[in-house]
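Colleague: One structure, as structure tokens, below. Some questions next.
The values are calculated or read from the model by the stated rules, or taken from the named source; none is laboratory data. Treat the numbers as computed from the prediction; the structure is a model and nothing was measured. No Cβ is skipped: glycine too gets one built from the backbone with ideal geometry, and neighbour counts run over all protein chains shown.
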Amino acid sequence: MLQKTSRSNSESFTELTMKGESVLGYCQVTVFTSTYNRRYTLERLYESLRGQTVKPMEWIIVDDGSSDDTYQLIFPWIETEIDFEIIYLRVKNGGKHRAINKACDLARGDLFCIVDSDDYLTNDAIEKIITWEQSIQGKPGYAGVAGNKGFSDHQLIGRTFESEYVDATSLEREKYQIEGDKAEVFYTSVLKKYKFPEIQGENFITESVVWFHIASDGLKIRWFNDIIYIANYLEDGLTKNGDQLIQKNPKGTLLTQYLQASYYQQFILKEKEEVRHYIHEVLVSGDLEAGITYLNGLIPRVKNDIDIQLMLAQLYLYLGKISVAKNILNDMTMVYSKDARPYLKLGKIEERQQQLSLAVSHYQKALLYLDESANQSLIEKLKKTYHFTSNQIDRVLLIRVKEHYKKGELEEAKQLIIKNPAIDESYRLELGFYFNNERFVYYIIGLILGVDDISSSPEDLDYVKAHQLFDQCQYDQSLVYLFKVLSKQLTPLSLYRLSYILKQKGQLGLATKYENLYRLVSNQIKSSGRIYFIEESTTPLHKFRTDINTIFHQMGFHSLNRELELGNFNFSIFDTVLFQYPFSSNVEKIFNSCCTLNLKTILVVHQVEDLNEMIQLNQASRLIVMSHDLKTKLIEQGCYCQLLVREHLDYLINQELVVPTFSKNVILVEDDEILDDWNDNHSFTLNVYGKKTVQERTHLIYKGEFDLEQTPLKLEGSFGLVSPHTTIDSWQVSLYLLTKRPLICFEGTELATFVLEHELGFVISTLDEIEAKLNEISNEDYAYMVDHMTPYSINIASGVYFKQALATALK
């Protein structure tokens, strides 16, 4: 029986129905299709419905304002189809979500299956939908069933699980490897309860808004592992035109983002509660490895939550895997840069490991983000333990930045941020990139301060949204805006954050590409700064200070002395200044000015005499010290600045040295304490250099005292003898390595291990053993040792070891 109901063209729709004799009874499945100018694809879908193995169904078609005479195709089907009912609605263009709402009101089927107009079903799809739905027990807890979509009967879209089926909510898909588009079939009664929001003037909102709402209320779907739906992503389809739809439907997009974030947050909270319960049991049982395996196996959205990452880091700490824990915490500071907890934990770890400069740096950053009620004890710690003044505490700086920002004093706020290493480098580089662009300076400082209501011009909205969404950990939404930003300009902050999101998504190749671009742009910005050094020679340790000045010149650094002589000199924000310490009162004034400007300062420390010097040393960005002994002394006296030690003391020399030949003559330079055990019966000769503190005896000859420039040229003998207390980085060892004199050192020392490992001499337990050892050495043995000393000689003579330490300090 044919029924036609028509309305005037001014009304919203025309409804035509056809009831075939075989379908007047019970309807189990409503197939719904929304179509817009898809006359050319609908017939394939219709034929797939006609070919179903079972047909207790109806087909509701909502024509969303087509202009291609779609109805002329459908009317004959309505009149001739006898196996299932076809309902055709013609409506004004209101979007697929409105069409779903309308179709649900009309649907007679228990289950509601959405099939897009460019897609079709496999022949057994309806049968499988019904079979799997009937397998569910306890149906009130379920929203429906879902099969797989495919590009063909055998080519799956996305990924799936290995078992026959899984019961899970839509929010739990990631947990069970349910990835890509799926063919969800909901109970019609559920969709009638969870309607799509309809926004006046807009015609698009994503289906996930409703699917996640259903999942958030705990309703599961039975996901089965059969392809029932063949998808064809056309160029003019919703899937491929997502960006345009977002731009044309801003309110719906914002509502979607808000609701998705809300539902995901509720889901994450539930998951975290389960995790906490499990980890509590792990701690009670003591099986920490099981806890780590469990946490590492969580889905990324849960695993990457800051609370979960803190748990994971703590478990590694309990197991003594400190480096792994530190890596996790350092990664967290990149993502959750405004949360104090990772910084506090890192500070405590570094403090226990006596890495005081790193501990202080982490405490400083924690202070920036701690609540007022929680920061006082940490401020007191910095003042009492590390002798900080109020002006040295970075929280004070952030308060000043906020004050300037509120007053609209952007230049003052910018200068405070860009020169302060406590602020994340990616932000400071972004300010450097937009240094003279007041609009973007305003946006960037607002992002640093966590301002919610940053007002932006329409053309800059993508930039602000990209970074606000990232700070809120809404990475999927942030990703869309970041790509838009980077299509216009490669900014360091955007590149850094995009590479992070891509890395989290497992797109490592693309992530590496953007990470390399970030480094390239960053280096271009940093290269706008210059490296200066102060030349000062009228001080103790003249030779080694002069050598370092020579190295500075060789590396192309700029003499600050010359710039100051020319007058009208101003530092730039990315400049670095190198000093040698101790320095004169005039140089001290320059150093203090650099610290006030928050420039990067590196001190090359030759010696320290007074505990009061620690306050000044701690103001530097980095310290390069001459020996490990000096480093230990500085740490013991309260130095928390980052300390670097070069492997060997460099000893520059311009003249060519004579390669020594084998003899039984031994050299001793300014190390005469070991002569208390000297035995006059030795047959080898010991040539002594330095201050004359002992009388010459048989085979013990005093050669004189020479300045450090002349000493390498005056040495006579084949071996260099050192005392048990001499260290690898001492100037005597460097002198022997420079002049290629194989070393004689005492066993059981770090130096002895070094000498034996690299075949640079031999070891003894007493002076009496030297003679026998020398008698065992042949000319070939000696030449072999000298040959092994050659690389060290070349490196020491050219300043390689200091250059390596300096390169690290400049990073």
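Colleague: Among the numbered conditions (1) in a helix (DSSP H, G or I); (2) in contact with a strand residue (DSSP E or B) (Cβ under 7 Å, 6 or more places away or on another chain), tell me where Thr131 comes up short.
Modeller: Thr131 satisfies all of (1) in a helix (DSSP H, G or I); (2) in contact with a strand residue (DSSP E or B) (Cβ under 7 Å, 6 or more places away or on another chain) except (2).
Colleague: Still on this structure, I have one more. Going by the structure shown, is Phe433 touching a Pro at 6+ places or on another chain (Cβ under 8 Å) and among the aromatic types (Phe, Trp, Tyr)?
Modeller: yes
Colleague: Now, a different point. For the list (1) of a type in the set (D, E, K, R); (2) more than 30 Å from Gln155 (Cα to Cα); (3) buried (at least 19 other Cβ atoms within 10 Å of the Cβ), I need the number of the one condition that Asp68 fails.
Modeller: Looking at each condition in turn, Asp68 falls short on (3).
Colleague: While we're on this one: Please go through (1) in contact with a Ser or Thr (Cβ under 9 Å, 6 or more places away or on another chain); (2) farther than 16 Å from Ala809 by Cβ; (3) among the hydrophobic types (A, V, I, L, M, F, W, C) for Leu520 and return the number of the only condition it doesn't satisfy.
Modeller: Checking Leu520 against (1) in contact with a Ser or Thr (Cβ under 9 Å, 6 or more places away or on another chain); (2) farther than 16 Å from Ala809 by Cβ; (3) among the hydrophobic types (A, V, I, L, M, F, W, C), the one that fails is (1).
Colleague: Only residues that are in a loop (DSSP other than H, G, I, E, B) and among the polar types (S, T, N, Q): list them for segment 89-108, please.
Modeller: Asn93
Colleague: Which strands (runs of 3 or more DSSP E) does segment 9-68 wholly contain that include 3 or more residues that are over 52 Å from the mean Cα position of the chain (by Cα), farther than 25 Å from Tyr187 by Cα and at pLDDT below 90?
Modeller: Ranges flagged: none.
Colleague: Just one of Lys175, Lys149 is more than 27 Å from Ala99 (Cα to Cα), within 43 Å of the chain's Cα centre (by Cα) and not in a loop (DSSP other than H, G, I, E, B); which is it?
Modeller: Selected residue: Lys175, the only one of Lys175, Lys149 that is more than 27 Å from Ala99 (Cα to Cα), within 43 Å of the chain's Cα centre (by Cα) and not in a loop (DSSP other than H, G, I, E, B).
Colleague: Give segment 625-643 a look and list any residue that's surrounded by fewer than 17 Cβ atoms within 10 Å (Cβ to Cβ) and either within 29 Å of the chain's Cα centre (by Cα) or among the basic types (Lys, Arg) (or both), or say none.
Modeller: Across segment 625-643, the qualifying residue is only Lys633.
Colleague: Are any of the residues in segment 474-488 acidic (Asp, Glu) and either surrounded by 20 or more Cβ atoms within 10 Å (Cβ to Cβ) or under 30 Å from Asp575 (Cα atoms) (or both)?
Modeller: So far as segment 474-488 goes, no, none of its residues is acidic (Asp, Glu) and either surrounded by 20 or more Cβ atoms within 10 Å (Cβ to Cβ) or under 30 Å from Asp575 (Cα atoms) (or both).
Colleague: Further question: Looking at segment 446-459, which of the residues that are part of a helix (DSSP H, G or I) and at pLDDT below 90 is surrounded by the fewest Cβ atoms within 10 Å (Cβ to Cβ)?
Modeller: By that ranking, first place goes to Pro458.
Colleague: Which count do you get for residues in segment 171-193 that are under 30 Å from Cys27 (Cα atoms), of a type in the set (Phe, Trp, Tyr) and either touching a helix residue (DSSP H, G or I) at 6+ places or on another chain (Cβ under 6 Å) or surrounded by fewer than 23 Cβ atoms within 10 Å (Cβ to Cβ) (or both)?
Modeller: 1
Colleague: Okay, next question. Output the residues belonging to segment 183-216 that are among the acidic types (Asp, Glu) and under 21 Å from Lys128 (Cβ atoms).
Modeller: Across segment 183-216, the qualifying residue is only Glu184.
Colleague: Collect the residues in segment 550-574 that are in contact (Cβ under 8 Å) with a residue 24 or more places away in the chain and under 23 Å from Gln710 (Cβ atoms), keeping them in residue-number order.
Modeller: Across segment 550-574, the qualifying residues are Thr550, Ile551, Gln554.
Colleague: Now, a different point. What number goes with the only condition from (1) under 24 Å from Trp59 (Cβ atoms); (2) at pLDDT below 90 that Lys175 does not pass?
Modeller: (1)
Colleague: Then there's this: Which one of Leu461, Leu482, Leu449 is under 17 Å from the mean Cα position of the chain (by Cα) and closer than 22 Å to Glu438 by Cα?
Modeller: So the residue among Leu461, Leu482, Leu449 that is under 17 Å from the mean Cα position of the chain (by Cα) and closer than 22 Å to Glu438 by Cα is Leu482.
Colleague: Another question about this same structure. For segment 625-646, which positions are closer than 21 Å to Gln353 by Cα and assigned to a loop (DSSP other than H, G, I, E, B)?
Modeller: Ser627, Gln637, Gly638, Cys639, Tyr640, Cys641, Arg646
Colleague: Determine whether segment 677-699 contains at least one residue that is touching a Pro at 6+ places or on another chain (Cβ under 9 Å) and either under 19 Å from Ile744 (Cβ atoms) or among the aliphatic types (A, V, I, L, M) (or both).
Modeller: no
Colleague: Taking the criterion of being among the small types (Gly, Ala, Ser) and touching a residue at least 40 places away in the same chain (Cβ under 8 Å), would at least one residue in segment 672-690 satisfy it?
Modeller: yes
Colleague: Could you give every pair whose Cβ atoms fall below 8 Å, whose first residue belongs to segment 120-132 and is in contact (Cβ under 8 Å) with a residue 24 or more places away in the chain, and whose second residue is outside any loop (DSSP other than H, G, I, E, B) and among the basic types (Lys, Arg), counting only separations of at least 6 or pairs across chains?
Modeller: Every condition considered, the pairs that remain are Tyr120/Arg44; Trp132/Arg222.
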